[in-house]
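Undergrad: Provided herewith is a single structure, encoded as structure tokens, for subsequent inquiry.
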Amino acid sequence: MPYVVTDLCSGCRYTECVSVCPVECFHLDDQMTYIDPETCIDCGGCVPACPVGAIKPAHQLPPDKRMWIDINRRRAAETPVLTGRLPPLPGADERKRAIPGR
Ligand code: SF4
Ligand code: F3S
């Protein structure tokens, strides 16, 4: 099962995930990133790299987050590959502080 970017990425987009990914499976739009499930090799390296805990293996997603499996697949097909780090989005650190436990 591939790994999946969830809603916690939206509005933050720290892109630290892309710096540890051994393949080019991260895509992006102006709000967040998406993992191409066809390219992901399930290494799990991106999970601890994300400052907001946005990435989960698909099989660990709770029911209310499972729609992100299809969203990642669809949006990865529609958006360009992210090839390197970018600055976080404005307000990312404030959003991170608002997440319980972060
Ligand atoms: Fe990339 Fe590995 Fe994360 Fe898949 S699990 S997106 S291959 S770092
Ligand atoms: Fe998003 Fe976390 Fe990567 S915020 S861009 S999944 S490091």
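Undergrad: Looking only at the stretch 28-58, filter to residues that are in a loop (DSSP other than H, G, I, E, B) and closer than 10 Å to C17 by Cβ; which one of those is least open to solvent (accessible area, probe 1.4 Å)?
TA: A54
Undergrad: Count, please, the residues in the stretch 12-36 that happen to be within 9 Å of ligand 1 (Cβ to nearest atom) and over 11 Å from L82 (Cβ atoms).
TA: Counting residues in the stretch 12-36 that are within 9 Å of ligand 1 (Cβ to nearest atom) and over 11 Å from L82 (Cβ atoms) gives 3.
Undergrad: Kindly check whether there is at least one residue in the stretch 59-69 that is near ligand 1 (Cβ under 10 Å from one of its atoms), in contact with a helix residue (DSSP H, G or I) (Cβ under 8 Å, 6 or more places away or on another chain) and not in a helix (DSSP H, G or I).
TA: Scanning the stretch 59-69, I find no residue that is near ligand 1 (Cβ under 10 Å from one of its atoms), in contact with a helix residue (DSSP H, G or I) (Cβ under 8 Å, 6 or more places away or on another chain) and not in a helix (DSSP H, G or I), so the answer is no.
Undergrad: Here is a list of conditions, (1) farther than 14 Å from S10 by Cα; (2) in contact with a Phe, Trp or Tyr (Cβ under 8 Å, 6 or more places away or on another chain), and G101 meets all of them except one; can you say which number that is?
TA: Against the list (1) farther than 14 Å from S10 by Cα; (2) in contact with a Phe, Trp or Tyr (Cβ under 8 Å, 6 or more places away or on another chain), G101 comes up short only on (2).
Undergrad: Looking at C9, C17, which one is on the phi < 0 side of the Ramachandran plot, in contact (Cβ under 8 Å) with a residue 40 or more places away in the chain and open to solvent by less than 60 Å² (accessible area, probe 1.4 Å)?
TA: One residue alone meets the criteria, C9.
Undergrad: Okay, next question. Could you look through the stretch 68-85, keep only residues that are surrounded by fewer than 13 Cβ atoms within 10 Å (Cβ to Cβ) and not basic (K, R), and pick out the one that is nearest to V23 (Cα to Cα)?
TA: If we take residues in the stretch 68-85 being surrounded by fewer than 13 Cβ atoms within 10 Å (Cβ to Cβ) and not basic (K, R), then T83 is nearest to V23 (Cα to Cα).
Undergrad: Within the stretch 42-50, identify whether any single residue is free of Cβ contacts under 8 Å to residues at least 60 places away in the same chain, away from ligand 1 (no atom under 11 Å from the Cβ) and either in contact with a Ser or Thr (Cβ under 9 Å, 6 or more places away or on another chain) or closer than 11 Å to A76 by Cβ (or both), and answer yes or no.
TA: no
Undergrad: Confirm whether P88 is surrounded by 15 or more Cβ atoms within 10 Å (Cβ to Cβ) and either more than 13 Å from the chain's Cα centre (by Cα) or in a loop (DSSP other than H, G, I, E, B) (or both).
TA: Here the answer is yes, as P88 does meet what is asked.
Undergrad: Against the definition (modelled with pLDDT of 95 or more and surrounded by fewer than 19 Cβ atoms within 10 Å (Cβ to Cβ)), how does V23 come out, yes or no?
TA: Answer is yes for this residue.
The values are calculated or read from the model by the stated rules, or taken from the named source; none is laboratory data. Everything numeric in this text was worked out from a predicted model, so none of it was measured. Glycine gets a Cβ as well: all are built from the backbone with ideal geometry, and neighbour counts include every protein chain shown. Ligands, DNA and RNA are stripped out before the accessible areas are found, and what is left, the full protein with its side chains, is counted by its heavy atoms. Shrake-Rupley method; radii C 1.70, N 1.55, O 1.52, S 1.80 Å.
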